[in-house]
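In what follows, a single structure is set out as structure tokens and then discussed.
All of the numbers you see were taken from the coordinates with simple rules; none came from a lab. Worth saying up front: this structure is predicted, and the values here are computed from it rather than measured. Positions of Cβ are generated from backbone atoms using ideal geometry, with glycine treated the same way; all protein chains shown enter the neighbour counts.
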Amino acid sequence: MNGRVSLLLGVHAHQPVGNFPEVLDDAHARCYRPFLHTLHGFPEFRFAVHFSGWLLEYLFDKYPDDMGLLREMVERGQVEVFGGGDMEPVLASVPGTTVTPGSAIQGPESPEVGGGTFPLSAPGGY
């Protein structure tokens with residue numbers, strides 16, 4: 001193969017809402033922690049990431065030092081955080097009239113990664 005190859009890497013970290021803490025801790029030890037520590041060492045490697053909203057909150061509460069690496073990578077422009085419904089709703093099935101300003105989307109503005117939440121505002125739903 002000749003020339004340069006471009007790679008678009010997007011990672012989705014998901015756990016079912018209410019999963020057992022020991023399962024989350026095992027996933028963090030075997031997956032999330034090594035992933036964050038490895039990519040933190042390569043600031044020129046850019047990627048996108050999505051953590052389920054409740055999982056992101058759990059990890060920031062329980063592992064603030066490890067998740068601080070995510071915040072640092074976001075701040076230095078290495079990571080683009082993409083969002084979704086905080087509790088993993090199937091947004092395509094939510095009628096637009098049901099969606100209210102209180103329906104928050106978790107995204108790059110989340111307090112965990114430096115901002116806040118933003119309201120779901122797509123006219124007519126998703």
Amide H neighbours of residue 11 under 5 Å, counting only residues 5+ apart in sequence or on other chains, H built in-plane at 1.01 Å? 48, 49, 50
Under the 7 Å Cα-to-Cβ spin-label approximation, residue 14 and residue 46 lie apart by a distance in nanometres of 2.6
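Contour minus end-to-end for residue 75 and residue 4, with contour as 0.36 nm per residue of separation and end-to-end as the Cα-Cα distance?
Details: separation 71, 0.36 × 71 = 25.56 nm, distance 2.71 nm.
That pair, residue 75 and residue 4, stretches by 22.8 nm at full extension.
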